[in-house]
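The values are calculated or read from the model by the stated rules, or taken from the named source; none is laboratory data. Quantities reported herein were computed from a predicted structural model and do not represent experimental measurements. Glycine also receives a Cβ, built like all others from the backbone with ideal geometry; neighbour counts cover every protein chain displayed.
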Amino acid sequence: MSSEAGAVLIRPMSPEDWPEVRAIFTEGIETGQATFEVAAPEWEQFNASRLPDHRFVAEVSGRVLGWTAVSAVSARPAYAGVVEHSVYVAGSARGRGVGSLLLQALAESTERHGIWTIQSSIFPENQASIRLHQANGFTIVGRRERIARMSAGPLSGQWRDTLLLERRSRRV
């Protein structure tokens, strides 16, 4: 699937995109506000843990500016239509609509494949991400208090809350 809005092309992620995807992932990790992860994985680990039909990049003039991908939340058949997603936008591209385009492509893709819920855990302090998600049909359904501890960076050892957001399909 690919779509264009302005100069931004949304297309499926390929293994050749990994160096740019990983750099954007690393940039997000370094903010301390995007994830509990301490380092971006190698391609093999990323590839094995994300569903192949729902990985997209946002590209402008051959340069990747953002990405999104999903993982299954459970192997149990009852949860086959529920995925957890990540969306990352390069610092230089934030505020340009890249995140919205990625989330729209992800919603279209998951609905075509019978997925009825996309969820995400976001740090409450990451207001930009919360606003992005709410503007794209996600709602806050709960707060997980002290769900995990940061293990690296300036917040190392600090317990963090996350907000659980989800987008429920109206078509599936």
Kindly list, by first and then second residue, each pair from a residue in segment 135-152 that is charged (D, E, K, R) to a residue that is in a loop (DSSP other than H, G, I, E, B), limited to pairs with Cβ atoms under 7 Å and residues at least 6 apart or on different chains. R149/G157; R149/Q158
For segment 15-36, state whether one or more residues are in contact with a Lys or Arg (Cβ under 6 Å, 6 or more places away or on another chain) and without any contact (Cβ under 8 Å) to a residue 12 or more places away in the chain. no
Just checking, which of V89, V64, V60 is within 14 Å of the chain's Cα centre (by Cα) and either hydrophobic (A, V, I, L, M, F, W, C) or modelled with pLDDT of 95 or more (or both)? V89
